[in-house]
Amino acid sequence: MSIFDDLSRFLETRLEEFLRDNPQLELQALEDKLRDQEEETLQLLADLRRQERSLQEQILAIAQDIQRWHLRAEKAQNANRPDLAQGAREREAGLLKEGNQRWGQMEVLKDRIRQTTELQRKVQQRREEVKVKAAQAASARAANPNPRPETRWQWETWNNPGNNINTDELERKFQAWELDAEMDQLKRRMGK
């Protein structure tokens, strides 16, 4: 185990304790995360709707082309031009196939829009629930402004370590030890 692992574990433990003692901060972080998810969902929904409009325009254009080639096929058939009529029917069939593909894409897209709308609704609902819990935590905190004694002591110690006599004593011991180590190192260099 390195000192960094120990320090990391210590800080994680302190953070968990701090969040447990201050649930409104955890709720605020959750609300922020949900707000970000809601914004991303709304952006995705807008993008999907743009794609839907584009597909609708493509399908309409293909339908107009199908109608035009159908009329051309009939016109060529009536004019006794079977070569042109056959080509027009083949073009019409190709457009029908392309139209069906676009229609299938549209159905898939509409399904994604429904799912994304439902997800956005759920995220928004969850965010409202978290907002209510945050308000309840804030009112509970306002009703009891004094935190638990050990929490206040820990908080004051964390924010103002100079007030702690043990910390000052430890600091003096480390400084003396580091100074002794530097003096020993200097003596060794000068003795060489």
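Points worth noting:
- Whichever lysines have a C-alpha closer than 24 Å to that of Lys133, once near sequence neighbours (fewer than 8 apart) are set aside: Lys33, Lys122
- Fraction of accessible area attributable to carbon and sulfur, segment 46-136 (%, probe 1.4 Å): 50 percent
The values are calculated or read from the model by the stated rules, or taken from the named source; none is laboratory data. Keep in mind it's a predicted model, so treat the numbers as computed, not measured. Side chains are part of the model used for accessible areas, which takes the heavy atoms of the whole protein and leaves out ligands, DNA and RNA. Shrake-Rupley method; radii C 1.70, N 1.55, O 1.52, S 1.80 Å.
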